[in-house]
1. What distance in nm separates the two pseudo spin-label positions at LYS40 and GLU4, each 7 Å out from Cα along the beta-carbon direction?
2. Going down the list LYS11/LYS63; LYS31/LYS63; LYS31/LYS139; LYS11/LYS139, which pairs span over 21 Å between their C-alpha atoms?
3. Multiply the residue gap between SER13 and SER140 by 0.36 nm, knock off their C-alpha separation, and tell me the result in nm, one decimal place.
4. How far is it, in nm, from the label point at LYS160 to the one at ASP68 when both lie 7 Å from their Cα along the line to the Cβ?
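Values in this text are rule-based calculations from the coordinates and carry no lab data. Remember, predicted model here, so these are calculated numbers, not experimental data. Don't worry about glycine lacking a Cβ; one is built from the backbone with ideal geometry, like all the others, and counts go over all protein chains shown.
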Amino acid sequence: MDREFHEIYEKYSADLYAFILRMCRNEQLAKDILQDTMLKAMTSADSFNGGCSVRTWLCTIAKNLCCDYLKKAENRNSSIDDVPEPAANESIEASFADKDTAMHIHHLLHELDEPYREVFSLRVFAELSYSEIGEVFGKSGNWAGVTFYRAKQRLMELMKKEGLL
C-alpha cells in the first residue's frame, strides 16, 4: 500500500502542487496543503470508489482543504493580506487577482446552489475539463459545460448586485 501511495505521489504531486499554488498563492501553504491532501487521501483511500479519476479525487480533496483554510483564516479575523488570492484566468476569473474582490467572489460562490458551486470550483480552481467534471457527477461533459455556464452567469449577476462588476 505504501508503494501505491508513493507512486500516486510521484505521479500527481507536481500537478497537484501547481493547482494548489494557483488557488492559494502561497508556496509554504501550498506545500502544507499538498501534504495534508496526500495524508487525507491515504487515510481515506477506502472511500475512493473509482467514480472519478485519481487526479479529480485529489484535486477535490485539495480544493476542500484550501476552502477550509480560507474559512479558518476568516474566523480568526485575519487580515485580508494573510488570505492568499486565487488564480486569475480570464473574464470573471480575472477578478480573483484582486484580494478584496477574490474574497467577495469566494463568499458569493457559497450562495450558489449545488451543483453550480461545485462545477464552477472544479472548472476554475481544479482546471478540470468538462468531461472530467461530468465524470465526477456521473453526467456528460455537455451537462458540465452548460452547468458551468449557468453558474458563471449566476455569479456574474451576484457580482453586479454587489457592485463588483
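1. Each label point lies 7 Å from its Cα, and together they span 2.0 nm.
2. Flagged as over cut-off: LYS31/LYS139; LYS11/LYS139.
3. This chain segment gains 43.0 nm when fully extended.
4. Here the answer is 3.7 nm between the modelled labels.
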